[in-house]
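Only one structure is covered here, and it is reproduced in the block below.
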Amino acid sequence: MIPQETVNLILDTARIEDVIGDFVTLKRRGGSYVACCPFHSEKTPSFYVTPSKGIYKCFGCGKAGSAVGFIMEYEHLSYVEALRYLAKKYGIEIVEEDLTPEVLAARQRNESLMLVSEFAGKFFKEQLNTKEGHSIGYAYFRSRGLEDETIEKYGLGWAPKGHKAFTEAARKEGYKDEYLFETGLCAQREDGSLYDRFSDRVMFPIHSVSGRVIAFGGRTLVTDKSVAKYVNSKESEIYVKSRSLYGIYFAKSEISKQDKVYLVEGYLDVLSMHQIGITNTVASSGTSLTVEQIRLMKRFTDNVTIMYDGDSAGIHAALRGIDMVLKEGMNVKIVLLPDGDDPDSFSRKHTLDQVQQFIASHEQDFIGFKTDLLLGDAGDDPLKKANIINEIADTISVIPDMVKRSVYVDSCAAKFKIESDILFARIRSTREKALIEEKAEADRARNRERYEPARPESPSETPQPQVVAATPTTLSLMETDHILGASEKELLTFILQDGTSPLQFPSDSPFYREDETTSVAEFIDNSLDGVPFANEIYRKVYDAYFILYDEGEEQDHIIKKLLDDPDRTIAFVVAELSVEKYNLSVKDFSRSLTTRASWLVSYVPRAILVYQDKQKQVEQNEILRQLAKASPDEQAELLRRLSDVTAKKLKINQILGREKEN
């Protein structure tokens, strides 16, 4: 755990223009700096860095935050990892506190495994320059169309013959046998002696998201079928195959920038695609696609295009992947290459423009893909056609977002010329069955736990939110959010820009209190009367603000801490609402003609009234919904409540000047 004093020192030391200047070219413009945004493609700079506030913001894509937030966003690091990055940049020593001997030992062990893997990466890379490595390994890479720059960038290498070169070199450098074995770089004979696991193979290092070498894939070049074509590192504390993607470190920035990832199958597929310029490409690297790999991609984008071979195996792999990707809430498209081609061979035979054009013209959503694939076999058989429709409906059913499900239902209904209600009925039935099965599996798991010892949770396992079917209650919350959201955003903007500023009402104001002053934040909070915001994100920011406000923090300090919040949703909203655009709107112009204090006295109470008006609208809608289902006895009371709410809403609108009194 990093001591808070050290955290504060890191945050205070880091200069945002200095940090961001390591990644983009900043040009001064007044008291700020501008650049083309590193998070999306643009020709006209819309990315602003304001040193006085310690904030960056792109007015194009909306990305915003502080120095630590930028590192988290750009390098895709956790909050703690970003702090460590900045500490290293500024030479700040981090002395951990509250660490048990067990935790320290585990960290040291993990770091030792990492260091061994990184040493191996350097060793195999250097071996490529030996006479043996150059004549066999380097020659192979060049024969596959890989350029020197690619070979160097991705750390490709050569494992020499003999099963002893690496072991001897590692021992000579002082690496312990324990770690050589645990990383899977060495194997163990029956007598306990170690030997090289990788021998006479070209080597593909596998990197973690942060860029450290964690494993290897080794390919033999001999034609003996008794020799495995690929040998991969065994799983260890630093490498779990199902949670790793080949190329993710080199692809992550472009995936975020393009908001899209191409998923291919092998190492050379990734390398060839990257080499021609399609660097937002990753591979499942010798394993069937897993849920953990999908969630890793989802950290950077919601859009994945599966780009597999056009043969039978590629088609079946694509079919399997579709449901898995959709179930995790991602959007999926499929591109099948011509039979006989894979992404490696196809990209080597074509230019970047040709590959991009092929993808653009052959990308299909899963409905089109499955229809084209299956309809040819169905012919005019109505039962086979019905089975295809049911299969597509079952795929739609796994999508957690009900709006997306509805859109795909409309698309499928139009394609097959059937009523959408029929598809909805099938989907509803399929989802109900799935929920029943999930519940049964949960019950079985609980029963197993009674008789089996608990399995320690892996530190890298992140609990995933449960997807639940929409209910009338959640729909009501969505509707409420829609009505109140704009007003809540306005109130939150006042709080984030002027929260600690005093509201000095004139003596003729209904809000005037003799010998009593209030701040903007307190006035809004008191006016809400304990009713939380309907919008979940705004509510989180509101609560986070008042925790710091109640501790007596100054406004600038509150905003700075919120911008550094580990919850990047909070940081994004705070940056979005606390930073004003530079161009003046009509409201901005009118504001400039008066003092900020006078403007707040006028507009904050008005914003409260608008919010209260929206609340009354929500109440009206709820009463009307209840009236539609109420019995005659209940209707009288509901009508009385409706009349009361309507009268209060009318009064609010009269104050706002929207309605005239009778």
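So here's what we get for this one:
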read-out	value
Those residues of segment 66-101 which are open to solvent by 50 Å² or more (accessible area, probe 1.4 Å) and aliphatic (A, V, I, L, M), in sequence order	VAL80, VAL95
Residue list for segment 149-171, restricted to those being without any contact (Cβ under 8 Å) to a residue 60 or more places away in the chain, open to solvent by 80 Å² or more (accessible area, probe 1.4 Å) and not in a loop (DSSP other than H, G, I, E, B)	GLU149, GLU152, GLU168, ARG171
Subset of segment 318-347 [crowded, with 18+ Cβ neighbours inside 10 Å and over 29 Å from ARG299 (Cβ atoms)]	ASP341, SER345
Qualifying residues in segment 587-641 (those that are surrounded by 13 or more Cβ atoms within 10 Å (Cβ to Cβ) and β-branched (Val, Ile, Thr)) - the one modelled with the lowest pLDDT	VAL618
Residue match in segment 11-20 (condition: within 24 Å of ILE248 (Cα to Cα) and either surrounded by fewer than 16 Cβ atoms within 10 Å (Cβ to Cβ) or touching an Asp or Glu at 6+ places or on another chain (Cβ under 6 Å) (or both))	no
All helices (runs of 4 or more DSSP H) inside segment 57-127 with 1 or more residues being touching a Phe, Trp or Tyr at 6+ places or on another chain (Cβ under 7 Å)	67-75, 101-127
Only one of GLY192, GLY174, GLY211 that is free of Cβ contacts under 8 Å to residues at least 40 places away in the same chain, under 28 Å from the mean Cα position of the chain (by Cα) and surrounded by fewer than 19 Cβ atoms within 10 Å (Cβ to Cβ)	GLY211
Condition check for THR305: over 22 Å from GLU73 (Cβ atoms) and free of Cβ contacts under 8 Å to residues at least 60 places away in the same chain	yes
Condition met for LYS63 (of a type in the set (D, E, K, R), at pLDDT below 90 and open to solvent by less than 30 Å² (accessible area, probe 1.4 Å))	no
In segment 177-189, the residues that are assigned to a loop (DSSP other than H, G, I, E, B) and open to solvent by less than 60 Å² (accessible area, probe 1.4 Å)	THR183, GLY184, LEU185
Tally of residues being surrounded by 21 or more Cβ atoms within 10 Å (Cβ to Cβ) and of a type in the set (A, V, I, L, M, F, W, C) across segment 290-317	6
Test: VAL231 is buried (at least 18 other Cβ atoms within 10 Å of the Cβ) and within 21 Å of the chain's Cα centre (by Cα)	no
Count of segment 271-300 residues which are touching a residue at least 60 places away in the same chain (Cβ under 8 Å) and either not aromatic (Phe, Trp, Tyr) or not in a loop (DSSP other than H, G, I, E, B) (or both)	14
Residue that is nearest to the chain's Cα centre (by Cα), among those in segment 497-540 that are open to solvent by less than 60 Å² (accessible area, probe 1.4 Å) and among the aliphatic types (A, V, I, L, M)	ALA534
Positions within segment 195-208 being buried (at least 19 other Cβ atoms within 10 Å of the Cβ) and assigned to a strand (DSSP E or B), in sequence order	ASP196, ARG201, VAL202, MET203, PHE204, PRO205, ILE206, HIS207
Members of segment 268-283 that are among the hydroxyl-bearing types (Ser, Thr, Tyr), crowded, with 22+ Cβ neighbours inside 10 Å and out of contact with any Lys or Arg (no Cβ under 8 Å at 6 or more places or on another chain)	THR281
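Rundown of residues vs (1) at pLDDT below 85; (2) closer than 16 Å to ALA607 by Cα; (3) of a type outside the set (Val, Ile, Thr), yes/no style:
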residue: PRO510; (1), (2), (3): yes, yes, yes
residue: ASP515; (1), (2), (3): yes, no, yes
residue: GLU522; (1), (2), (3): no, yes, yes
residue: LYS540; (1), (2), (3): no, no, yes
residue: HIS557; (1), (2), (3): yes, no, yes
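Okay, residues lined up against (1) part of a helix (DSSP H, G or I); (2) more than 32 Å from the chain's Cα centre (by Cα); (3) farther than 30 Å from ILE418 by Cβ:
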{"residue": "LEU319", "(1), (2), (3)": "yes, no, no"}
{"residue": "VAL335", "(1), (2), (3)": "no, no, no"}
{"residue": "GLN357", "(1), (2), (3)": "yes, no, yes"}
{"residue": "PHE369", "(1), (2), (3)": "yes, no, no"}
{"residue": "LEU373", "(1), (2), (3)": "yes, no, no"}
{"residue": "ASP380", "(1), (2), (3)": "no, yes, no"}
{"residue": "ALA386", "(1), (2), (3)": "yes, yes, no"}
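The values are calculated or read from the model by the stated rules, or taken from the named source; none is laboratory data. Predicted model only: the values in this text are computed from it and were never measured. Backbone-built Cβ (ideal geometry, glycine too); neighbour counts: all protein chains shown. We work out accessible area using only protein heavy atoms, side chains counted, and drop any ligands, DNA or RNA first. Shrake-Rupley method; radii C 1.70, N 1.55, O 1.52, S 1.80 Å.
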